[in-house]
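Asks: Shown below is the structure under consideration.
The values are calculated or read from the model by the stated rules, or taken from the named source; none is laboratory data. None of these values were measured; they are calculated from a predicted model. In this analysis, Cβ positions are derived from the backbone assuming ideal geometry, glycine residues included, and neighbour counts consider all displayed protein chains. Calculation scope for accessible area: heavy atoms of the full protein, side chains included, ligands and nucleic acids excluded. Shrake-Rupley method; radii C 1.70, N 1.55, O 1.52, S 1.80 Å.
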Amino acid sequence: QVRLMESGGGLVQPGESLRLSCAASGSRFSINAMGWYRQAPGKERELVATITGAGRANYADSVKGRFTASRDNAKNTAYLQMYSLQPEDTAVYFCNVEYNDYNLGATIETWGEGTLVTVSS
């Protein structure tokens, strides 16, 4: 079973930057897609960005030009670099991974526990 460890959240002021990381660990697996979602207080979880194994990223319109998703396949780690953060970016950010589990012979989707990003002056 793959476990996801997210890190990098925190409290920043408007206009500042943060980088989130999501490291996957386990045995006998390979990762397909990785993605970032967020859930603000009182709102539904929404897609922020996805990135393929080839490094092709797609973004929500609300973060285009400000956020950059990347991944290090050798480290099974995804990153979300966030620039020009605004109060409306305040949310719990979740990592989402689809992977092939060779122990189970199945493709599985899993979520991290989330990391809180708070943007406030």
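Asks: Please work out the average accessible area per residue across the chain, using the 1.4 Å probe convention, and give it in Å². Mind showing how you got there, number by number?
Replies: Numbers: 6570 Å² over 121 residues.
I get 54 Å² per residue for the chain.
Asks: Please go through the stretch 30-105 and write out the trypsin sites (Lys or Arg not before Pro) that DSSP classes as loop and that have at most 12 other C-beta atoms within 10 Å.
Replies: Qualifying residues, ordered by number: 43, 56, 64.
Asks: Could you pull out the GluC sites (Glu not before Pro) across the stretch 49-121 that fall in loop regions by DSSP (anything but H, G, I, E, B) with no more than 15 other Cβ atoms inside 10 Å? Walk me through the numbers before you get to the answer.
Replies: Working: sites: 88, 98, 109, 113; in loops: 113.
Within the stretch 49-121, the qualifying GluC sites (Glu not before Pro) (loop, at most 15 other Cβ atoms within 10 Å) are 113.
Asks: Which whole-Hz ³J(HN,Hα) couplings does the stretch 21-37 yield from phi under the Karplus relation 6.51 cos²θ - 1.76 cosθ + 1.60, θ = phi - 60°, glycine and proline marked x?
Replies: Karplus values, whole Hz, x for Gly and Pro: 10, 9, 9, 9, 9, x, 10, 6, 9, 9, 9, 8, 9, 10, x, 10, 10.
Asks: Follow-up. Pick out, in residue order, every one of the chymotrypsin sites (Phe, Trp or Tyr not before Pro) in the stretch 54-115 that is DSSP loop and has at most 16 other C-beta atoms within 10 Å; say none if there are none.
Replies: Counting only loop positions with at most 16 other Cβ atoms within 10 Å, the chymotrypsin sites (Phe, Trp or Tyr not before Pro) in the stretch 54-115 are 83, 102.
Asks: I want to verify a result. In a Gaussian network model of the chain, Cα cutoff 10 Å, which of these has the top mean-square fluctuation: 74, 40, 57?
Replies: Sorting by GNM fluctuation, first place goes to 74.
Asks: If you don't mind, there's one more thing I want to ask. Can you compute log10 of I(q)/I(0) for the stretch 1-68 with the Debye formula, treating each Cα as one identical point scatterer, at q = 0.13 Å⁻¹?
Replies: Values returned for q = 0.13 Å⁻¹ are -0.46.
Asks: Next up: So how strong a dipole does the chain carry about its Cα centre when Lys and Arg Cβ are +1 and Asp and Glu Cβ are -1, to the nearest 20 debye?
Replies: 260 debye
Asks: Give a residue-ordered list of calculated ³J(HN,Hα) values for the stretch 45-57 (Karplus: 6.51 cos²θ - 1.76 cosθ + 1.60, θ = phi - 60°; whole Hz; x for Gly, Pro).
Replies: Running phi through 6.51 cos²θ - 1.76 cosθ + 1.60 with θ = phi - 60° gives 5, 10, 6, 9, 7, 10, 9, 7, x, 7, x, 7, 10 Hz.
Asks: What's log10 of I(q)/I(0) for the chain at q = 0.09, 0.10, 0.15, 0.21 Å⁻¹, Debye sum over Cα points only, no solvent?
Replies: Rounded to two decimals, the profile gives -0.23, -0.29, -0.62, -1.13.
Asks: Next up: Looking at the chain as a GNM with Cα springs under 10 Å, which of 54, 24, 91 has the largest mean-square fluctuation?
Replies: Answer for the Gaussian network model of the chain: 54.
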